[in-house]
Amino acid sequence: MNGLPELYFRVRENGAAVFRVDVTNRDRRIEMEQIAVINTNRGDYKPQGDEILSEAEKQVITDWMQQRLAVLAARDMDDIHRAIDHLNLTTHWAQTKATDDQLEDVTDRLLLAMHDLRSVLVRKKADRVSRPK
């Protein structure tokens, strides 16, 4: 065993390119052949060109997609918790450090963004409350 995985996933926007890793050539160079493309938005993958994927490769790709979606979901929640922290820090900044010019520069955009967020949150909360349990 060479220690390298059989498949390599090059993460890209909305998914990944999947490569088969080969070190069995006589020069012991690492060769990577693209075999599939993953779309995490759609939750699917497609073989590259005329490539035929083995059942084991399909399973590794499916497992990777599930793990990747879990990582992305965790990052989303972390981003939201950070946004809450940033809102609190922004409040403190506005109250204690901001100059009139700085406030003039950001107030309208902040108010619109907060109004938009509040509207969505209130609507979603109402939807959850009105749903039968």
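The values are calculated or read from the model by the stated rules, or taken from the named source; none is laboratory data. What you are looking at is a predicted structure, and each value in this text was computed from that prediction instead of being measured. Cβ coordinates were reconstructed from backbone atoms using ideal geometry, including for glycine residues, and neighbour counts include every protein chain displayed.
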Going through the stretch 90-111 in order, the residues found to be exposed (fewer than 10 other Cβ atoms within 10 Å of the Cβ) and under 18 Å from ILE80 (Cβ atoms) are none
Which is surrounded by 10 or more Cβ atoms within 10 Å (Cβ to Cβ), under 30 Å from GLN34 (Cβ atoms) and modelled with pLDDT of 95 or more, of MET65, MET114?
MET65
Residues (over 13 Å from the mean Cα position of the chain (by Cα), under 15 Å from VAL18 (Cβ atoms) and among the β-branched types (Val, Ile, Thr)) located in the stretch 39-85:
ILE52, VAL60, ILE61, THR62
Among the residues of the stretch 49-90, how many are touching a Phe, Trp or Tyr at 6+ places or on another chain (Cβ under 9 Å) and not in a helix (DSSP H, G or I)?
1
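Quickly run through the stretch 1-20 and pick out the residues that are loosely packed, with under 15 Cβ neighbours inside 10 Å and assigned to a strand (DSSP E or B).
Listed by number, the residues that qualify are ARG10, VAL11, ARG12.
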